[in-house]
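The values are calculated or read from the model by the stated rules, or taken from the named source; none is laboratory data. Just so it is clear, the structure is predicted and the values come from calculations on it, not from any experiment. Neighbour counts run over all protein chains shown; Cβ positions are idealised from the backbone, glycine included.
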Amino acid sequence: MKLIEKHPILEYKHGRLVTFTFDGVPMQGYEGEPIAAALHANGVKVYRETPIRKQPRGFFCAIGKCSSCFMVVDGVPNVRTCITPLREGMKVETQRGKGIVKMDL
Amino acid sequence: MRETEVLVVGGGPAGLSAAIEAASFGAKVTLMDSDLALGGQLIKQTHKFFGSKNERAGTRGFKIAEELFKELKEREENIETFTNCTVTGYYKEDGVVSCVKGEDEYFHVKPKKIVMATGAQERIIPFPNNHLPGVYGAGAVQTLMNVYGVVPGERVLMVGAGNIGLIVSYQLMQAGVKVVGIVEAMNKIGGYWVHAAKVRRLGVPIYLRHTVKEAIGDRFVEGAVIQEIDEKFQPTGNEKKLDVDIICLAVGLTPTCELLWQAGCKMSFVPQLCGYVAQRDKNMRTSHPDIWVAGDAAGIEEASSAMVEGRIAGLGVVKALGYGAPEEIQGRLEEYHMRLADLRGGEVGAKIREGIALCSVESWEV
Ligand SMILES: Cc1cc2nc3c(=O)[nH]c(=O)nc-3n(C[C@H](O)[C@H](O)[C@H](O)COP(=O)(O)OP(=O)(O)OC[C@H]3O[C@@H](n4cnc5c(N)ncnc54)[C@H](O)[C@@H]3O)c2cc1C
Ligand code: FES
């Protein structure tokens, strides 16, 4: 993971190290920290593909305002991964297009 | 349905201050923030703040946040706090607010009064490939490195030489990341001289009258082309290719005011405050009798003034709810107004004073 090892001012307090998968590949990250931050630390920058032009999108605002970081998490599309906490065993996937919401009607 | 006396939307310095102040008079407060932690922009600031001593100048931003958290804790029996909880809508018909905890747990709250302290959103500028991952807002870069300790990239091009661009450049270097250069469209540095001197001393070139021509890359940023521009902002033909993997945008913020629009608050476009803002009276009440505004959401300024505005809004709310002795509230209000005037004094505060004059009303009761 690409983490800042030494900082002149800050001391980082990380949560528990947990395993999750990104498009099926197992990765590690800290529980309770944003999914997007964990992916970035693992070198993953592309989080979704736009519906029409299939352009890559990733992190942008980090405050849940821009929709750039939408991914499919545990089968749920359009999850704002910049403000959704990472949990053990999460299944994180690249979102292609608008995402399909499963409705139990 | 959940009910509360005061709903504070946003737990940055403005919202925290509003919640603390209102709770100190016994009001029952619900504080909601969409982020995973409270503190807003404040927890990302590692530098020592400028401003007046009264507002803790000389203290590092994240330390100021810790002081506010301590005050919040002392009032915890009156303040219920929700994080990772986004306020998504306001219904004018019945004053009900819709919220979502995480991504799928919806619920409603009916508050008597609301303080909107939603802060700001980053601006973006147009250039080819600006959609590529690796083009990040300055706030996002700060979140990655200062809150979560993640290395944002290897080599950064900073766009904008205002205070934010300069400070984040310095923070990147503190985190061990190389800043390849800073481009600034104007012919002078917008930020304070001390910040510019710090990054220059570390050998970072500041390219004045330059802008990003395009980002290079297929799936993510693999480089950037910068270009010189003339007085009319037209390209001169001088270009330079930079080997970077991050293009960090520090081109300004704009107030987050969607909920205020939804609530039908009277809004004004005020360039000095960086966008649309709610018209307000002296105590931060909007044209909607149950809604107050504070902090960057009321106009882009600073954490120091955001905290004082939050306190004023908190007092305005308790006054309207009938808590506290009127003389005590009046006394505190006068003190806070003096502190605000202090912060906005002199030449540096001129632009803010002008902006505020454009969206202030004497009183809504006339
Ligand atoms: C690099 C940098 C350096 C700075 N340096 C200084 C300095 O030296 N001195 C100084 O005084 N100021 C400084 N500032 C400015 C200061 O950080 C901001 O002005 C201040 O944080 C504004 O406070 P706020 O509470 O209004 O907004 P914010 O701190 O932005 O907080 C808003 C909060 O609202 C939440 N929110 C937004 N919408 C919703 C919603 N719908 N539902 C729930 N929650 C929501 C957000 O998650 C956020 O936590 C700096 C800023 C930056 C970026
Ligand atoms: S990065 Fe903007 S919503 Fe997540």
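List the strands (runs of 3 or more DSSP E) that sit entirely inside segment A:1-77 and contain at least 2 residues that are of a type outside the set (A, V, I, L, M).
Qualifying strands (runs of 3 or more DSSP E): A:17-22, A:25-30.
Residues B:V204, B:V194: which one is at pLDDT below 95 and either in contact with a helix residue (DSSP H, G or I) (Cβ under 9 Å, 6 or more places away or on another chain) or loosely packed, with under 14 Cβ neighbours inside 10 Å (or both)?
On the way: B:V204 fails: at pLDDT below 95.
B:V194 is the lone residue from the list that is at pLDDT below 95 and either in contact with a helix residue (DSSP H, G or I) (Cβ under 9 Å, 6 or more places away or on another chain) or loosely packed, with under 14 Cβ neighbours inside 10 Å (or both).
State which residue is surrounded by the most Cβ atoms within 10 Å (Cβ to Cβ) when the search covers only segment B:259-273 and only residues that are in contact (Cβ under 8 Å) with a residue 40 or more places away in the chain and under 19 Å from the mean Cα position of the chain (by Cα).
Ranking the qualifying residues of segment B:259-273, first place goes to B:L260.
Condition test on B:E154, is it buried (at least 24 other Cβ atoms within 10 Å of the Cβ) and among the charged types (D, E, K, R)?
no
From A:K102, A:K13, A:K6, A:K91, which residue is away from ligand 2 (no atom under 16 Å from the Cβ), more than 10 Å from chain B (Cβ to nearest Cβ) and exposed (fewer than 12 other Cβ atoms within 10 Å of the Cβ)? Walk me through it before giving the result.
On the way: A:K13 fails: more than 10 Å from chain B (Cβ to nearest Cβ); A:K6 fails: more than 10 Å from chain B (Cβ to nearest Cβ); A:K91 fails: exposed (fewer than 12 other Cβ atoms within 10 Å of the Cβ).
Result of the check over A:K102, A:K13, A:K6, A:K91: A:K102.
Quick one: in segment B:27-47, of everything that is surrounded by fewer than 21 Cβ atoms within 10 Å (Cβ to Cβ) and facing chain A (nearest Cβ under 10 Å), which residue is nearest to ligand 2 (Cβ to nearest atom)?
Selected residue: B:L36.
In segment A:47-61, what residues are farther than 19 Å from B:I216 by Cα and touching a Gly at 6+ places or on another chain (Cβ under 7 Å)?
A:P51, A:C61, listed by residue number.
Return the residues of segment B:133-157 that are more than 7 Å from every other protein chain (Cβ to nearest Cβ) and more than 11 Å from ligand 1 (Cβ to nearest atom); say none if nothing qualifies.
B:V135, B:V147, B:P152, B:G153, B:E154, B:R155, B:V156, B:L157
Are there any pairs, at least 6 apart or on different chains, whose C-beta atoms fall under 7 Å, with the first in segment B:186-203 and under 22 Å from B:E228 (Cα atoms) and the second hydroxyl-bearing (S, T, Y), and if so, which?
From residues that are under 22 Å from B:E228 (Cα atoms), the pairs are B:V199/B:S169; B:V199/B:Y170.
Anything in segment B:182-220 that is closer than 15 Å to B:I247 by Cα and hydroxyl-bearing (S, T, Y)? List them, or say none.
Scanning segment B:182-220 gives B:Y207, B:T211.
Can you tell me which of (1) within 14 Å of another protein chain (Cβ to nearest Cβ); (2) in contact with an Asp or Glu (Cβ under 8 Å, 6 or more places away or on another chain) is the one B:K112 doesn't meet?
Evaluating B:K112 over (1) within 14 Å of another protein chain (Cβ to nearest Cβ); (2) in contact with an Asp or Glu (Cβ under 8 Å, 6 or more places away or on another chain) leaves (1) as the failure.
Would you confirm whether or not segment B:124-144 contains a residue that is surrounded by fewer than 18 Cβ atoms within 10 Å (Cβ to Cβ), among the aliphatic types (A, V, I, L, M) and assigned to a loop (DSSP other than H, G, I, E, B)?
Yes, segment B:124-144 contains a residue that is surrounded by fewer than 18 Cβ atoms within 10 Å (Cβ to Cβ), among the aliphatic types (A, V, I, L, M) and assigned to a loop (DSSP other than H, G, I, E, B).
Please specify each residue of segment B:45-55 satisfying the condition of being near ligand 1 (Cβ under 9 Å from one of its atoms) and among the basic types (K, R).
If the condition is that a residue be near ligand 1 (Cβ under 9 Å from one of its atoms) and among the basic types (K, R), then B:K48 is the only one that fits.
Name the single residue that is farthest from B:A140 (Cα to Cα) among those in segment A:69-105 being away from ligand 1 (no atom under 16 Å from the Cβ), among the aliphatic types (A, V, I, L, M) and out of contact with any Phe, Trp or Tyr (no Cβ under 8 Å at 6 or more places or on another chain).
So, considering only residues that are away from ligand 1 (no atom under 16 Å from the Cβ), among the aliphatic types (A, V, I, L, M) and out of contact with any Phe, Trp or Tyr (no Cβ under 8 Å at 6 or more places or on another chain), the one farthest from B:A140 (Cα to Cα) is A:L105.
Counting only residues that are assigned to a loop (DSSP other than H, G, I, E, B), in contact with a Leu (Cβ under 8 Å, 6 or more places away or on another chain) and near ligand 1 (Cβ under 6 Å from one of its atoms), how many does segment B:3-44 have?
Residues that pass the stated criteria total 2.
Take A:V73 and tell me if it is touching a residue at least 12 places away in the same chain (Cβ under 8 Å) and facing chain B (nearest Cβ under 9 Å).
Yes; evaluated as a whole, the condition is true for this residue.
Can you run down the residue pairs with Cβ atoms below 6 Å, 6 or more apart or on separate chains, where the first is in segment B:95-107 and within 11 Å of chain A (Cβ to nearest Cβ) and the partner is part of a strand (DSSP E or B) and exposed (fewer than 13 other Cβ atoms within 10 Å of the Cβ)?
The qualifying pairs are B:V100/B:Y106.
Take A:V72 and decide whether it is within 16 Å of ligand 2 (Cβ to nearest atom), of a type in the set (V, I, T) and surrounded by 13 or more Cβ atoms within 10 Å (Cβ to Cβ).
Yes: the conditions hold for A:V72.
Could you check segment A:34-43 and list, in sequence order, the residues that are more than 14 Å from ligand 2 (Cβ to nearest atom) and touching a strand residue (DSSP E or B) at 6+ places or on another chain (Cβ under 7 Å)? Write out each step before concluding.
Residues of segment A:34-43 more than 14 Å from ligand 2 (Cβ to nearest atom): A:41-43.
Residues satisfying the conditions are A:A41, A:N42.
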